[in-house]
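In what follows, a single structure is set out as structure tokens and then discussed.
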Ligand code: HEC
Ligand code: HEC
């Protein structure tokens with residue numbers, strides 16, 4: 001679903017100061033209007049009605065390591081409250097890992113060559129493109145996913161939830177006992193789902209009985225899709241968007257500091273951030289080549305991640321990634337598809353001055369060559385990105401902090 005979005009770029013000279021004063025009032029008004037013109041909505045309007053009982057059952061499965069065949073990893077292992085529903089690692093550490101958060105980097109886990117995405121708003125209205133490369137994409141006429149014509153559900157979140165449990169390295173092993181399932185295909189996924197279901201009946205009997213009763217079905221008729229439905233219901237409830245300080249500023253006359261307002265005007269104006277980070281989730285849910293450096297071995301190996309190209313095989317999509325939504329972004333460092341940027345400031349700078357944060361001389365030849373290709377892929381899109389000085393970067397970062405909410409306090 002697309003929201004009616006009118007891009008509006010305000011060019012403005014800013015007043016300097018710390019506390020918002022009467023002189024800042026016109027700027028506050030311009031910022032409110034810019035947010036509205038670019039599709040910001042009160043978060044309640046994004047909420048999709050969800051069966052509470054089913055969501056409560058889903059929590060048990062989200063937190064259960066028995067959802068993985070070797071019983072060692074749960075959704076929760078990587079999607080942690082302490083890291084804003086991510087894991088604080090550059091690349092996720094999957095099957096055979098130990099511990100939580102950054103401690104996993106020192107365990108024997110298989111590296112999943114992407115930065116863990118947070119889950120905020122992923123069950124909300126209109127959120128229809130999932131994963132860094134959009135491998136689940138319901139934004140067009142036909143829903144696109146690895147499942148082809150046998151898409152598990154018209155609900156994109158529910159379809160996305162089907163993938164982690166059968167994703168090699170993430171929740172299943174790629175050798176040993178599972179070598180038979182080595183190639184990922186819909187048929188093999190179905191066989192794996194059957195095995196996971198048998199395992200859940202053996203190990204999570206109480207939750208399975210609960211699931212059966214909440215769906216009013218006998219246990220024998222419960223399928224893996226029902227478990228996934230409950231997890232999707234849980235994500236939809238638990239990680240729904242709540243109003244941030246910025247929402248309160250726009251919709252309820254809440255206050256922001258002068259610096260936050262200035263940062264907001266840079267976001268909607270000179271920084272041109274809203275060319276891509278637009279709409280109620282601060283993402284157009286489309287794909288752009290923004291030349292963030294690569295960290296780790298990459299989805300395509302040898303330190304390479306072709307991004308969207310992996311899904312479409314269209315050379316025009318090389319190095320493109322889905323614009324990340326920005327709600328709670330201050331909680332989810334490190335940044336980018338491979339977590340290569342440690343701070344928000346670095347992430348903002350990397351858009352318009354890609355070489356500032358990296359040492360090209362110490363990179364290997366292949367890595368440097370690949371990185372120049374990624375920069376070249378930006379092409380004409382570079383004009384979508386604004387150029388900021390250090391003070392402006394600082395201010396826009398202050399603004400990004402107004403997009404946080406503490407979901408525990410707002411229960
Ligand atoms: C090993 C760590 C790990 C585990 C375990 C894990 N995830 Fe994730 N999750 C990730 C990573 C990494 C990504 C980004 C992958 C990508 O886009 O290529 C992600 C992305 C997602 C997304 C897409 C979010 C978006 O913005 O598009 C959803 C939904 C999700 N995970 C749900 C789950 C569920 C449900 C489970 C359990 C069944 C789970 N994850 C288990 C690491 C993990
Ligand atoms: C041309 C579209 C585009 C524009 C303009 C743009 N961004 Fe981005 N932004 C992206 C994409 C795509 C990524 C992810 C790149 C990657 O991971 O390789 C990203 C990543 C980010 C991240 C890291 C988020 C995360 O969760 O990892 C932040 C923060 C961010 N942008 C803020 C901004 C700000 C602030 C501006 C304006 C100064 C801006 N962006 C302008 C497309 C854009």
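Taking only DSSP H segments of four or more residues, each worth -39500 (n - 2.57), what value at 222 nm results for the chain once the sum is divided by all its residues, to the nearest 500 deg cm²/dmol?
Working: 13 runs with 135 residues, N = 411.
For the chain, the value works out to -10000 deg cm²/dmol.
Cα centroids of region 311-383 and region 197-242: how far apart, whole angstrom?
Their Cα centres are 38 Å away from one another.
Using a 10 Å cut-off on Cβ atoms, rank the peptides 215-221, 37-43, 256-262 from the highest mean neighbour count down.
My ranking of the peptides, most packed first, is 256-262, 37-43, 215-221.
Compute the acute angle (0 to 90°) between the alpha-carbon long axis of helix 205-215 and the principal axis of greatest extent of the alpha-carbon atoms of the chain; round to the nearest 10°.
70 degrees
What is region 203-323 by shape, rounded, prolate or oblate, if you read a ≥ b ≥ c off the alpha carbon gyration tensor as root eigenvalues and call it rounded for a/c under 1.5, prolate for a/b larger than b/c, and oblate otherwise?
Oblate.
How large is the Rg to Rh ratio of region 46-157 when both quantities use alpha carbon positions and Rh follows Kirkwood?
Rounded to two decimals, Rg/Rh equals 0.99.
Compute and list, largest first, the equivalent-ellipsoid semi-axes of region 16-70 from the alpha carbon gyration tensor, each √(5λ) rounded to a whole angstrom.
45, 16, 10
To the nearest 10 degrees, how steeply does helix 390-401 sit against the main Cα axis of the chain, on a 0 to 90 scale?
For helix 390-401, the angle is close to 50 degrees.
How high is the relative contact order of region 52-238, in percent, counting Cα pairs under 8 Å that sit 6 or more residues apart?
This gives 29 percent for region 52-238.
Please report, to two decimal places, log10 I(q)/I(0) for region 135-260 at q = 0.12, 0.13 Å⁻¹ as given by the Debye formula with identical point scatterers on the Cα atoms and no solvent.
For region 135-260 at q = 0.12, 0.13 Å⁻¹, log10 I(q)/I(0) is -0.61, -0.68.
Relative contact order of the chain, please, whole-number percent, based on alpha carbon pairs below 8 angstrom and at least 6 residues apart.
Value for the chain: 22 percent.
Extension gain residue 142-residue 330, at 0.36 nm per residue separation less the Cα-Cα distance, in nm?
Computed gain between residue 142 and residue 330 is 64.2 nm.
Compute the long axis of helix 186-203 from its Cα atoms, compare it with the longest principal axis of the Cα atoms of the chain, and write down the angle in degrees, 0 to 90, nearest 10.
Once rounded, one gets 70 degrees.
GNM, the chain, Cα, under 10 Å: largest mean-square fluctuation among 233, 189, 35?
189
Taking every pair of Cα atoms in the chain, average 1/r, invert it to obtain the Kirkwood radius, and report Rg/Rh to two decimals.
0.97
How would you classify region 52-238 from its alpha-carbon gyration tensor, with a ≥ b ≥ c the square roots of the eigenvalues: rounded for a/c under 1.5, else prolate if a/b is greater than b/c, otherwise oblate?
rounded
Values in this text are rule-based calculations from the coordinates and carry no lab data. On a predicted model such as this, the values are computed, not experimentally measured, just so you know. For neighbour counting, all protein chains shown are included, and Cβ atoms are generated from backbone atoms with ideal geometry for every residue, glycine included.
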